[in-house]
1. For GLY67, indicate whether it is out of contact with any helix residue (DSSP H, G or I) (no Cβ under 7 Å at 6 or more places or on another chain), of a type outside the set (Ser, Thr, Tyr) and at positive phi.
2. All but one of (1) farther than 18 Å from VAL35 by Cβ; (2) in contact with a Lys or Arg (Cβ under 7 Å, 6 or more places away or on another chain); (3) hydroxyl-bearing (Ser, Thr, Tyr) hold for THR135; which doesn't?
3. Of all residues in segment 183-193, which are free of Cβ contacts under 8 Å to residues at least 12 places away in the same chain and either within 21 Å of HIS97 (Cβ to Cβ) or assigned to a helix (DSSP H, G or I) (or both)?
4. I need the full set of residues from segment 182-197 which are within 21 Å of the chain's Cα centre (by Cα) and open to solvent by less than 80 Å² (accessible area, probe 1.4 Å), in order please.
5. What number of residues in segment 1-26 are in a loop (DSSP other than H, G, I, E, B), hydrophobic (A, V, I, L, M, F, W, C) and modelled with pLDDT under 85?
6. Does segment 138-158 include one or more residues that are at pLDDT below 95 and assigned to a strand (DSSP E or B)?
7. If you check THR135, THR219, THR197, THR163, which single one turns out to be among the hydroxyl-bearing types (Ser, Thr, Tyr), free of Cβ contacts under 8 Å to residues at least 24 places away in the same chain and not in a loop (DSSP other than H, G, I, E, B)?
Amino acid sequence: MTTPVDQHLIVKSNALIQASYKLSLNEQRLVLLAVAGLNSKRPGVRPGFNQVDDIRITAAEFGEAWGLGPKDAYTALRDATNELYERTIHEIKDKHHKKMRWVSAVQYHDAEGWAKLSFTPHVTPHLTSLSGKFTEYRLGQVANLRSTYAVRLFEWCIEFVDTGWMQIRLDDLVQRLGVAYARYADIRRYVIEPAVTELLAKSNLEITWEPIKTGRAVTSVRFEFKESNQGRLDL
């Protein structure tokens, strides 16, 4: 029996969840759909095995996953492949900085409406070698989100859902999301508030937030959250 697309499992290492990168919404959706086909519980993908086959995604599959009609799905899938090869992940551990590409190859067939991609050997272990520090959720939990910031914030919260709160320095938030805003007022208005509002309306997270000040300046943001019983992930 085929598993409904909204029940497909997204599995990522916590290091990848916390890394700095910026993807468009369509790129993020393509990556998530590809990750759903690579999770470490799928037969044929072994922990520690860093080479996997190309992943092929049709416009029909893309549209089903994200609630798009055929025409919009074709356009969105094509757009997702335009710049994905150039997108990088910046991983920071203390003073060690590492940059990785998401994919080693990506292609789109316009007439037939399908995309194919290959994750790089550097990224694949973050999606398959998941012994311990990883985060997982169902594709359907983010299917209705229209903001790339909302998707990223959702993943951060799911990583810490057992504790029910997360605090992040403002400069780390800016770096991880690749936002262009420097002023707290702009970050609050264009990043934090829209993302939280969308999560409250379109996800199974109940979430609140507050700014944390050092002196008179906001230097961190604290999020408190929990999953509603209806959308809780049973594993």
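The values are calculated or read from the model by the stated rules, or taken from the named source; none is laboratory data. The structure presented is a predicted model; accordingly, all values stated were derived computationally and were not measured. Because the Cβ atoms are built from the backbone with ideal geometry, glycine has one as well, and the counts that use them run over all protein chains shown. Note: accessible area is taken over every heavy atom of the protein model, side chains too, but ligands, DNA and RNA are not part of it. Shrake-Rupley method; radii C 1.70, N 1.55, O 1.52, S 1.80 Å.
1. Details: out of contact with any helix residue (DSSP H, G or I) (no Cβ under 7 Å at 6 or more places or on another chain): yes; of a type outside the set (Ser, Thr, Tyr): yes; at positive phi: yes.
Yes; evaluated as a whole, the condition is true for this residue.
2. Checking THR135 against (1) farther than 18 Å from VAL35 by Cβ; (2) in contact with a Lys or Arg (Cβ under 7 Å, 6 or more places away or on another chain); (3) hydroxyl-bearing (Ser, Thr, Tyr), the one that fails is (1).
3. Those that are free of Cβ contacts under 8 Å to residues at least 12 places away in the same chain and either within 21 Å of HIS97 (Cβ to Cβ) or assigned to a helix (DSSP H, G or I) (or both): ALA185, ASP186, ARG189, TYR190, GLU193.
4. Across segment 182-197, the qualifying residues are ILE187, VAL191, ILE192, GLU193, PRO194, ALA195, VAL196.
5. So the answer is 1.
6. Yes, there is a match, as at least one residue in segment 138-158 is at pLDDT below 95 and assigned to a strand (DSSP E or B).
7. On the way: THR135 fails: free of Cβ contacts under 8 Å to residues at least 24 places away in the same chain; THR219 fails: free of Cβ contacts under 8 Å to residues at least 24 places away in the same chain; THR163 fails: not in a loop (DSSP other than H, G, I, E, B).
Going through THR135, THR219, THR197, THR163 in turn, just one is among the hydroxyl-bearing types (Ser, Thr, Tyr), free of Cβ contacts under 8 Å to residues at least 24 places away in the same chain and not in a loop (DSSP other than H, G, I, E, B): THR197.
Let's see how each residue does on (1) farther than 16 Å from LEU9 by Cβ; (2) open to solvent by 40 Å² or more (accessible area, probe 1.4 Å); (3) among the charged types (D, E, K, R); (4) at pLDDT 95 or above:
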{"site": "ASN39", "(1), (2), (3), (4)": "no, no, no, no"}
{"site": "GLY44", "(1), (2), (3), (4)": "no, yes, no, no"}
{"site": "GLN51", "(1), (2), (3), (4)": "yes, yes, no, no"}
{"site": "ILE55", "(1), (2), (3), (4)": "no, no, no, no"}
{"site": "PHE62", "(1), (2), (3), (4)": "yes, no, no, yes"}
{"site": "ALA76", "(1), (2), (3), (4)": "yes, no, no, yes"}
{"site": "THR88", "(1), (2), (3), (4)": "yes, yes, no, yes"}
{"site": "ILE92", "(1), (2), (3), (4)": "yes, yes, no, no"}
{"site": "HIS97", "(1), (2), (3), (4)": "yes, yes, no, no"}
